[in-house]
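Input: a single structure, listed below in structure tokens.
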Amino acid sequence: MRDWRVIAGAIIGLVATGLAVSLAPAPPRPVDALAGAGPTLSDCDGALSELVIHYTAETAALTETPYRQFLAALPAGVTVRVVCGSRDDWRDFRRRCADAAPSVRPLIVEHPITCWSRDRWLALSNGRRTTLLTPAAENGQGSWPRRAGDARVGRDLAAALPEVAHVRSDLYFDGGDCVADRHTAFITPDVTERNVGLSVRDVDELHHRLQAALKRPVVLLDRAPPYHAGMYMMPAGAGRVVVGDPSLAEGVLDEATLAALLPCGVETSVEMQQRFDAVADACRDAGYAVTRMPTIVGTDGRTFLTWVNVIIDQRDDRRTVYLPVFDGAAPLNAAATAIWESLDCEVRPINCTGSYRHFGSLRCLVSVLKRHD
Amino acid sequence: MQARSILVIAAVAAAVFVLGQLLLLPATAPATQNLTTMAAQQNVPLEVNGCTISAEVAAKVKPGDNPSVQFTVTNTTDQDVSFDLAVSEMSANQMPMSRAMVMPSESWKTTCPVAVKADATKVVTLVSESRARQWDNFHYVISTGDASIRTTQIGTNDLPVAEDNAAEESDA
């Protein structure tokens, strides 16, 4: 008699506990950390709401002019988070730039950083919360303490801002390796190069992983110019992508001007032109209309005179393009302005002469944390 | 009386069940949720002739040093195997203040014959002929011809002399 009571009690206890355990919410595994995150932010859709820039006094010569002009041109109500390594950097920023924008907010991180905010993270937004997806490691962080500090900024922002979360990916990328609109994220060949054989076995796995993380269809560009996507392409909304075209810049500037603008020399090879054309073809294959933009590439593959490295703000059914312009390149600045205006955009020029020789222009300096419809 | 006994035994069983879960949990799932990491980093291994090959760069390299790459070959078969691995070093220099390194290029390469006994593991260290400069970054591509893996990067710290001097002074 006692035996059946023991067995029944044990069975009832185990079943009841098993039910309770199985019905209780399981602790989310690390791989689910992006489960509640939204898709990656579009580069061309929605109104700018909150931006992030980095500032260091050491690189003021690169950033002061573009920051002053850009902050002064922003519409009211846009908050700009200024990440500074130290209070001295913040004081220097205020002295040089703060009068240009009333809505700047400092974030003093107390560790070294560079001035380049774009590559640090990709913003994923579900409309209420922004998740910053940071790469597994930063390119060059082993040789440059400032770059190692850059790798911490995503976490710094999440710690400081309650509506921002941070997830570190196990993939290797720069934020500049991705441009996106509401429908598609375009990814540079560098991401394939950096990950296949290291973090993923093959291109298919990379494609799957990126689509899962970015929550948009992903186009992995298999041929493109070197360097980041924002140097040679930019979605413009309404199913259109603007793609660089070196041939459109040929002969516009004289040799002496070109030599002064790009001391490393201008890359004029057929192969480079074909790389730009391959990007245009990939966009068409993805269903986009393509507009070409004059572009000049240095032989170092890093120095770009590019007019697609823009920040786009869309509000009241109209897009405003914050356009990098360069001293000494007036005819191309004008041509680029005309092309963006032909796409029904208002253009606000931002002088990036001080920064492009350090391999970056406006979009490389400015990250978008939030947009609203 | 019978019902009370069953309830007591059920409670004991439930407690044992929960205790078992708690004891087993650390071995099967993270003790705490790590919200900042999607998954543990695990480099993709290369597989050839029944061997698994994983590679890593040296833990540290200073200007003037020759960087090195180390790879581990695990033979999971019951046969001795031998094959050649092509190893190429890619390096790039980070210019201070610039957004990115200059484009990586091949700075050294070699072919490494590997022979591993059955069910054995062999660790091979190759020292590059390159001399690391300030701001240099290195990574290595290990290839069998059909497939390849790459290592993470190793870079030269930008303040090695000062740090080393400081360390030596404090030691003294």
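Out of the residues in the range A:101-138 meeting the condition of being small (Gly, Ala, Ser) and surrounded by fewer than 17 Cβ atoms within 10 Å (Cβ to Cβ), tell me which one is farthest from the other protein chains (Cβ to nearest Cβ).
Quick first cut of the range A:101-138, residues small (Gly, Ala, Ser) only: A:101, A:103, A:117, A:123, A:125, A:127, A:136-137.
Now narrow it down to the ones that are surrounded by fewer than 17 Cβ atoms within 10 Å (Cβ to Cβ): A:103, A:127.
Values: A:SER103: 26, A:GLY127: 20 Å.
Ranking the candidates gives A:SER103 first.
Please state which one of A:TYR232, A:TYR288, A:TYR227 is in contact (Cβ under 8 Å) with a residue 12 or more places away in the chain and within 14 Å of chain B (Cβ to nearest Cβ). First the steps, then the outcome.
Working: A:TYR232 fails: within 14 Å of chain B (Cβ to nearest Cβ); A:TYR288 fails: within 14 Å of chain B (Cβ to nearest Cβ).
On inspection, the qualifying residue turns out to be A:TYR227.
Counting just the residues of the range A:3-25 that are within 8 Å of chain B (Cβ to nearest Cβ) and modelled with pLDDT under 70, which one comes out farthest from B:VAL8 (Cα to Cα)? The extreme case among them is A:VAL21.
On the stretch given as the range B:86-112, residues that are of a type in the set (Ser, Thr, Tyr), surrounded by fewer than 17 Cβ atoms within 10 Å (Cβ to Cβ) and at the interface with chain A (Cβ under 8 Å from one of its Cβ atoms) total 0. Only one entry in A:ASP170, A:ASP190, A:ASP204 is among the acidic types (Asp, Glu) and outside any helix (DSSP H, G or I), namely A:ASP170.
Restricting attention to the range A:303-324, the residues being farther than 21 Å from A:ARG240 by Cβ and surrounded by fewer than 24 Cβ atoms within 10 Å (Cβ to Cβ) number 0. Where strands (runs of 3 or more DSSP E) fall wholly inside the range B:113-172, no range has 2 or more residues that are surrounded by fewer than 20 Cβ atoms within 10 Å (Cβ to Cβ), at pLDDT below 90 and in contact with a strand residue (DSSP E or B) (Cβ under 8 Å, 6 or more places away or on another chain).
For the range A:321-360, filtered to residues that are touching a residue at least 60 places away in the same chain (Cβ under 8 Å) and of a type in the set (Ser, Thr, Tyr), the residue that is nearest to A:ALA256 (Cα to Cα) is A:THR353. Annotation note: of A:VAL279, A:VAL219, the sole residue that is aliphatic (A, V, I, L, M), surrounded by 15 or more Cβ atoms within 10 Å (Cβ to Cβ), modelled with pLDDT of 95 or more and assigned to a strand (DSSP E or B) is A:VAL219.
Tell me, yes or no, whether the range A:331-345 has at least one residue that is at pLDDT 95 or above, in a loop (DSSP other than H, G, I, E, B) and crowded, with 20+ Cβ neighbours inside 10 Å.
In the first step, residues of the range A:331-345 are kept if they are at pLDDT 95 or above; the result is A:331-345.
Now drop any that are not in a loop (DSSP other than H, G, I, E, B), which leaves A:343-344.
If we keep only those that are crowded, with 20+ Cβ neighbours inside 10 Å too, we end up with none.
No, the range A:331-345 has no match at all.
Of the residues making up the range A:95-120, those that are more than 21 Å from the chain's Cα centre (by Cα) and assigned to a loop (DSSP other than H, G, I, E, B) are A:CYS97, A:ALA101, A:PRO102, A:SER103, A:GLU110, A:HIS111.
Looking at A:ALA100, A:ALA76, just one residue is of a type in the set (A, V, I, L, M) and farther than 24 Å from A:VAL164 by Cα, and that residue is A:ALA100.
Each row is one residue, and each column tells you yes or no for (1) over 22 Å from A:LEU74 (Cα atoms); (2) of a type in the set (Phe, Trp, Tyr); (3) modelled with pLDDT of 95 or more.
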position	(1), (2), (3)
A:SER103	no, no, no
A:TRP116	no, yes, yes
A:LEU124	yes, no, yes
A:ALA148	yes, no, no
A:ALA159	yes, no, yes
A:GLY175	yes, no, yes
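Go through the range A:282-300 and give me each residue that's surrounded by 18 or more Cβ atoms within 10 Å (Cβ to Cβ), within 21 Å of the chain's Cα centre (by Cα) and small (Gly, Ala, Ser). Selection gives A:ALA282 alone.
Please work out if B:GLN70 is away from chain A (no Cβ under 14 Å), of a type in the set (S, T, N, Q) and either under 21 Å from the mean Cα position of the chain (by Cα) or not in a strand (DSSP E or B) (or both).
Values: away from chain A (no Cβ under 14 Å): yes; of a type in the set (S, T, N, Q): yes; either under 21 Å from the mean Cα position of the chain (by Cα) or not in a strand (DSSP E or B) (or both): yes.
Yes; evaluated as a whole, the condition is true for this residue.
For the range A:350-364, check the following and say yes or no: at least one residue is within 14 Å of chain B (Cβ to nearest Cβ), buried (at least 18 other Cβ atoms within 10 Å of the Cβ), assigned to a loop (DSSP other than H, G, I, E, B) and in contact with a Gly (Cβ under 6 Å, 6 or more places away or on another chain). The answer is no, given that none of the residues of the range A:350-364 is within 14 Å of chain B (Cβ to nearest Cβ), buried (at least 18 other Cβ atoms within 10 Å of the Cβ), assigned to a loop (DSSP other than H, G, I, E, B) and in contact with a Gly (Cβ under 6 Å, 6 or more places away or on another chain). Within the range A:30-56, the set of residues being in a helix (DSSP H, G or I) and at pLDDT 95 or above is empty. Annotation for the range A:177-191: at least one member residue is surrounded by fewer than 24 Cβ atoms within 10 Å (Cβ to Cβ), in contact (Cβ under 8 Å) with a residue 24 or more places away in the chain, more than 24 Å from A:THR291 (Cα to Cα) and more than 8 Å from every other protein chain (Cβ to nearest Cβ).
Of the listed requirements (1) surrounded by 19 or more Cβ atoms within 10 Å (Cβ to Cβ); (2) without any contact (Cβ under 8 Å) to a residue 60 or more places away in the chain; (3) under 21 Å from A:ASN139 (Cα atoms), A:CYS97 misses just one: (3).
Quick check on this structure: which one of A:GLY154, A:GLY140, A:GLY127 is in contact with a Ser or Thr (Cβ under 8 Å, 6 or more places away or on another chain) and of a type outside the set (A, V, I, L, M)? I'd like the intermediate steps shown before the answer.
Working: A:GLY140 fails: in contact with a Ser or Thr (Cβ under 8 Å, 6 or more places away or on another chain); A:GLY127 fails: in contact with a Ser or Thr (Cβ under 8 Å, 6 or more places away or on another chain).
Answer to the selection: A:GLY154.
When B:GLU56 is tested against (1) in a loop (DSSP other than H, G, I, E, B); (2) within 13 Å of chain A (Cβ to nearest Cβ); (3) surrounded by fewer than 17 Cβ atoms within 10 Å (Cβ to Cβ), exactly one condition is not met: (1).
The values are calculated or read from the model by the stated rules, or taken from the named source; none is laboratory data. No experiment lies behind these values; they were computed from the predicted model shown. Note that we place each Cβ from the backbone using ideal geometry, even for glycine, and neighbour counts take in every protein chain shown.
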